[in-house]
Amino acid sequence: MKACDVHGRDLHSLAQATFAVVPLGSFEYHGPHSPLGTDIVLAEGFANLIDTSLGGAVFPTVPYTACPGKTNKYKGTIPIRPSIIHEYLIDITMGIIEQGIKKIILLNAHDGNMGVSRTVAEYVTGKHPDTSFLLVNWWQMVAIDAAEEIGFEGTKGRGHGGPYEMSAVKAFRPDLVHVEEEDKEFKEEHPLSNYPYILVEGTPKAWDGYTGLIQQTSYEKGKIIVEKASVNMNDLIKNWLEY
C-alpha cells in the first residue's frame, strides 16, 4: 500500500498496516555519469520491492537530507543541516505512530542518513516504548565479498557513485546512468585495518565527487544486485515481523 494513495474516508486501512516504510534519499552529486537523484531512485525502488503481502504502508521518500563535506562542495548537491533533518525525521516518524502504526522501517540509500536514523530511532522509542524501528541500508543487503559473483573484476565495486551503486540505479532506471569513455576512474584504496572503522575526510583519495572503476557499471550487474538485495531485505523484514 502506498500511503499517499489512501483516501481520507479509508484511513482505517492505514491504521491497519503491519508496518510503515520511510525511504530515505538525498539530492547529491554522484559524478558526471550519475543523476543527482541517485539515492531517491534507489530508496523508492527498493521500497517498491518490499513484499506487499507483508502488509506494509510505503510513505513518501525523504528527498533532501544532510550531505557530507566531501560532496557539499560540488554543484548539484543540496544539503540540509544535520540538526534540521534530525528534527524533521522525528516529526515524520512521530506522525506515523499517531496513525496507529507501531513498526517503522527506515529504508536508507544515503550513507549520511545512517547516523541520524539511529539517533531518531533511539529517541522515538524512548518516547514510545511499544514501537520498533528497523534500519535498513540497501547496499548492506548483499555480501561485500560477492563482487566476483556479481561480475566485477579487480574491485568490489563499492563506493559513492561507483559501479555497484550505479549498476543498481541502472537496474531501476537504465535511462539515467551514462558512463562515457573519458570519465575518470579511481582504483580502490587499501583499507587502514581489517577491523571496522570510520574515516571522515573533506577530500578523500581516489575521489572527484565519486569513486570507483565506473566503466564496469552495467544493467546486468544491477539486476543481480537488486535481486539479491531485495530477497535478503524481504527475508529480514519477515524475521523482524515474527520477532
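Looking at the calculated P(r) for the range 1-45, what percent of the C-alpha pair distances fall above 14 Å?
Numbers: 589 of 990 pairs.
It works out to 59 percent of all Cα pairs.
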*To the nearest 10 Å², what's residue 29's accessible area with a 1.4 Å probe?*
50 Å²
*asked:* Suppose a student asked you for the relative contact order of the chain, using Cα pairs under 8 Å spaced at least 6 residues apart; what percent would you report?
replied: 23 percent
*Taking N as the number of residues in the chain, what value does Rg over Cα atoms divided by 2.2 N^0.38 Å take?*
1.03
*So how far apart, in nm, are the two label points at residue 227 and residue 242 if each is 7 Å from Cα heading toward Cβ?*
2.4 nm
*Take the alpha carbon gyration tensor of the range 120-197, find the square roots of its eigenvalues, order them as a ≥ b ≥ c, and report rounded if a/c is under 1.5; if not, report prolate when a/b exceeds b/c, else oblate.*
prolate
*Counting pairs of Cα atoms in the range 180-237, how many percent are more than 14 Å apart?*
71 percent
_Between the range 93-151 and the range 175-243, what is the separation of their alpha carbon centroids in Å?_
18 Å
*How many percent of the accessible area of the chain is carbon or sulfur, using a 1.4 Å probe?*
53 percent
*Ordering 199, 36, 213 by how much accessible area each has at a 1.4 Å probe, largest first, what is the list?*
199, 36, 213
*Loop sites only, by DSSP: take the GluC sites (Glu not before Pro) in the chain that have at most 13 other C-beta atoms within 10 Å and name the longest stretch containing none of them.*
1-152
*asked:* Translational diffusion coefficient of the range 56-126 at 25 °C, 0.890 mPa s, Stokes-Einstein with Kirkwood Rh over Cα pairs, in µm²/s as a whole number.
replied: 187 µm²/s
*Send over a whole-number figure in Å² for the accessible area per residue of the chain, probe 1.4 Å.*
53 Å²
*For residue 21, list long-range residues whose amide hydrogen, built 1.01 Å from N in the peptide plane, is under 5 Å from its own amide hydrogen.*
57, 58, 59, 105
_Accessible-area order (highest first, 1.4 angstrom probe) of the listed residues 27, 46_ = 27, 46
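The values are calculated or read from the model by the stated rules, or taken from the named source; none is laboratory data. Since this is a predicted model, take the numbers as computed values, not measurements. Here the Cβ is made from the backbone with ideal geometry for all residues, glycine too, and neighbour counts use every protein chain on show. Ligands, DNA and RNA are stripped out before the accessible areas are found, and what is left, the full protein with its side chains, is counted by its heavy atoms. Shrake-Rupley method; radii C 1.70, N 1.55, O 1.52, S 1.80 Å.
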